[in-house]
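The values are calculated or read from the model by the stated rules, or taken from the named source; none is laboratory data. These figures come from a predicted structure and were not determined experimentally. Neighbour counts are summed over all protein chains in view; Cβ atoms, including those assigned to glycine, are modelled from backbone coordinates with ideal geometry.
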Amino acid sequence: MEGHDTVTTSPALTPDQAAQRLGALTVIDVRTPGEYASGHLPYALNIPLDDLRAALPDLRDAADRGDLLVVCASGNRSVQACATLAEEGVVAATLTGGTTEWARLGYDLDRPEDGRAVWAMERQVRLAAGTLVLAGLLAGRRWSGARWASAGIAGGLVFSAVTNTCGMATVLSRLPHNRSRACDLDSARATLRTRTAPAE
């Protein structure tokens, strides 16, 4: 789930800085394919956070040829991705405020022709968690044991905040609406391998 606390610091670019250098950056969007298809930075390649390690050799090669910029919805997942890359000796910058701030400032987002609007993962998690808690409380009026389901969700949210991970987001990311056919990891990796060094 997207949040505010991070365990490591990575280089960061503001949307204005990124816009000035966009043609010189290799942009990696680590959101789910569904989120990516609903609107992404121009030229961004979709490599979801869960698939980052699988694409590591191609990301390392791309970083050797030019600067990497990692983006997500608000900046938290991209910081996590940069930390994962840093552990492997790959330097990448994160986009401050993510695609949300990019769009708020009036910069264009590209959308595939068959792309459809998909809520940001943070919003999907809030909806799912809130629905489950409410359902458990309502069911608890009739069956007292159902309240434990709400307690379990609350405990999961606390654990998510403390560890800066989110199991619910991992589950939701695998649902069909988050897996757009417009995005393909193999194609993104192939593009990384064949893309020449960006021009400054």
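A few points about this structure:
- Condition check for Asp29: in contact with a His (Cβ under 8 Å, 6 or more places away or on another chain), assigned by TED's automatic domain parsing to the domain that holds Ser187 and within 17 Å of Ser10 (Cα to Cα): yes
- Among the residues of segment 34-59, those that are among the small types (Gly, Ala, Ser) and outside any helix (DSSP H, G or I) comprise Ser38, Gly39, Ala44, Ala54, Ala55.
- Screening segment 178-188 for residues that are within 17 Å of the chain's Cα centre (by Cα) and assigned to a helix (DSSP H, G or I) and picking the one that is modelled with the highest pLDDT gives Ala188.
- Evaluation of Leu68 against (1) assigned to a helix (DSSP H, G or I); (2) touching a strand residue (DSSP E or B) at 6+ places or on another chain (Cβ under 9 Å) (one fails), failing number: (1)
- Evaluation of Val70 against the conditions (1) over 18 Å from Asp184 (Cβ atoms); (2) at pLDDT below 95 shows that the sole unmet condition is (2).
- Selected residue (only one of Ala62, Ala73 is part of a loop (DSSP other than H, G, I, E, B) and either among the polar types (S, T, N, Q) or assigned by TED's automatic domain parsing to the domain that holds Gly89 (or both)): Ala73
- Residues of segment 6-33 that turn out to be of a type in the set (Ser, Thr, Tyr), in contact with a strand residue (DSSP E or B) (Cβ under 9 Å, 6 or more places away or on another chain) and in a loop (DSSP other than H, G, I, E, B), as a count: 3
- When Thr94 is tested against (1) more than 19 Å from Arg193 (Cα to Cα); (2) modelled with pLDDT under 95, exactly one condition is not met: (2).
- When the test is whether a residue is surrounded by fewer than 21 Cβ atoms within 10 Å (Cβ to Cβ), among the aliphatic types (A, V, I, L, M), more than 13 Å from the chain's Cα centre (by Cα) and under 14 Å from Leu185 (Cβ atoms), Ala55 passes it.
- So Arg77, is it among the charged types (D, E, K, R) and surrounded by 23 or more Cβ atoms within 10 Å (Cβ to Cβ): yes
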